[in-house]
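Structure record follows, encoded as structure tokens.
None of the figures in this text is laboratory data; all of them are computed from the coordinates on show. Treat the numbers as computed from the prediction; the structure is a model and nothing was measured. Cβ placement follows ideal geometry from the backbone for every residue including glycine, while neighbour counts extend to all protein chains displayed.
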Amino acid sequence: MIIGFIGFGKVSKTLFDLIDSPEIDFATSLEGRSAKTIENIESSNIEVLESFEDVAIKSDVLVSATSPKSALSVAKKYGKHSNGIYLDLNNISPKTTLEIDNYVNCLVDGAIIGKIDSNNPVLYLSGEKIDDLKFLNEFLETKKISDNVGDVAILKMLRSVYTKSVSALLIESAEIAQKHDLKEEFFDILALTEGEDFKEKSLSRITNTLNNSKRKSEELEEIIDCFDDSDLIMVKAAFKKLNR
Ligand SMILES: NC(=O)c1ccc[n+]([C@@H]2O[C@H](COP(=O)([O-])OP(=O)(O)OC[C@H]3O[C@@H](n4cnc5c(N)ncnc54)[C@H](OP(=O)(O)O)[C@@H]3O)[C@@H](O)[C@H]2O)c1
């Protein structure tokens, strides 16, 4: 079996390192890539082909792990050359996933929940051919969601609905607690019902949200656009809060 990578950054390199089997070969290309990616590729023992088109033609599983912005154009360009599974791992919305499905023969919608380089990355998958990717379970935990492309993207976005709205609420309540000089006590009483590590997790969530407020608010905007037929009072409030 050959696994081809379009994009050879953190995600692809980690998968390449994890999937260690004599029955699996890998391929990618240097076509148009930055010095950083070229270095990443050259320091790995991976076959380098002339073009990404060649990678798509040759691969049984073609992994797209580039960036949310280029996921669709990459699928438009190389999807038609892939006759095996096209596994899209980019952080994209359900709308983009369904659009990609128009350009790809056999799409599997994938999402890494958490960071790929965390201790236990979990890969969620949806699409008709997910059973053909069962072998991945030997190397990292995978979870099959359904046969419907787009279900994983919806789940990933729902997770964002919850985590980003809760973060906005945490920021607001911690600000009020601070104003009353009761921040420590506030987290202590919450920990009674929410669990001992609640304070640590909440403070980390608040810092992370404030440090990345522009990106987070863009992601909330995407959620609002994507689920525009749902009642999104809380998400809209979180969006407003992060834009303050
Ligand atoms: N890192 C994570 O833990 C994580 C978790 C969940 C989801 N994701 C998603 O997975 C995707 C990849 O993430 P990453 O962390 O691996 O990113 P990364 O480290 O920035 O790597 C991206 C790779 O894609 C290449 N690339 C970009 N545009 C391309 C194009 N049009 N054609 C071919 N190659 C292209 C880049 O090459 P150049 O250097 O030449 O630009 C680079 O090799 C993203 O969509 C991200 O949202 C990542």
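Amide H contacts under 5 Å for Ile113: Val122, Tyr124, restricted to partners 5 or more places along the chain or on a different chain, H placed in the peptide plane at 1.01 Å from N. Grouping the Cα pair distances of segment 154-242 into 10 Å bins from zero gives a pair-distance distribution of 17, 46, 29, 9, 0 percent in increasing distance order. Positive-end ranking of Leu133, Ser173, Asn90 along the dipole of the chain, with charges on Cβ about the Cα centre, is headed by Ser173. Relative contact order of the chain: 13 percent, from C-alpha pairs under 8 Å at least 6 residues apart in sequence. Relative contact order, whole percent, for segment 2-146 stands at 20, derived from Cα pairs under 8 Å and 6 or more residues apart. Using Cβ point charges alone (K and R +1, D and E -1), the dipole size of segment 80-125 about the Cα centre works out to roughly 20 debye.
Here the 3J(HN,Hα) profile of segment 82-97, calculated from phi with Karplus coefficients 6.51, -1.76 and 1.60 at θ = phi - 60°, is 9, 9, x, 8, 9, 9, 8, 10, 6, 7, 10, 7, x, 4, 5, 4 Hz, Gly and Pro shown as x. Rounded to the nearest 20 debye, the dipole magnitude of the chain is 860 debye, with +1 charges on Lys and Arg beta carbons, -1 on Asp and Glu beta carbons, and the Cα centre as origin.
Neighbours of Leu72 by Cβ distance under 12 Å: Lys/Arg scored +1, Asp/Glu scored -1, total +1.
Rounded is the label for segment 2-146. Its Cα gyration tensor axes, ordered a ≥ b ≥ c, give a/c under 1.5. May I ask for the distance between the Cα centers of segment 121-176 and segment 46-79, given as a whole number of Å? Here the answer is 23 Å between Cα centres.
Legend: ranking of residues Met157, Met1 from fewest to most surrounding C-beta atoms inside 10 Å; resulting order Met1, Met157.
What ranking of Asp60, Asp197 emerges when the number of other C-beta atoms within 10 Å of each C-beta is taken as an exposure proxy, fewest first?
Asp197, Asp60
A cut-off under 12 angstrom between Cβ atoms defines the neighbours of Phe198, and their net charge, with Lys, Arg +1 and Asp, Glu -1, is -2. Under a 5 Å amide H cut-off, with hydrogens placed 1.01 Å from N, Gly4 pairs with Ala27, Asp60, Val61, Leu62, Val63 among residues at least 5 apart or on other chains.
Quickly rank 37-45, 3-11 as a protection proxy: mean count of other C-beta atoms within 10 Å, highest first.
Going from most to least packed, we get 3-11, 37-45.
The dipole here belongs to segment 122-176: it is taken about the Cα centre, uses +1 on the Cβ of Lys and Arg and -1 on the Cβ of Asp and Glu, and is about 40 debye.
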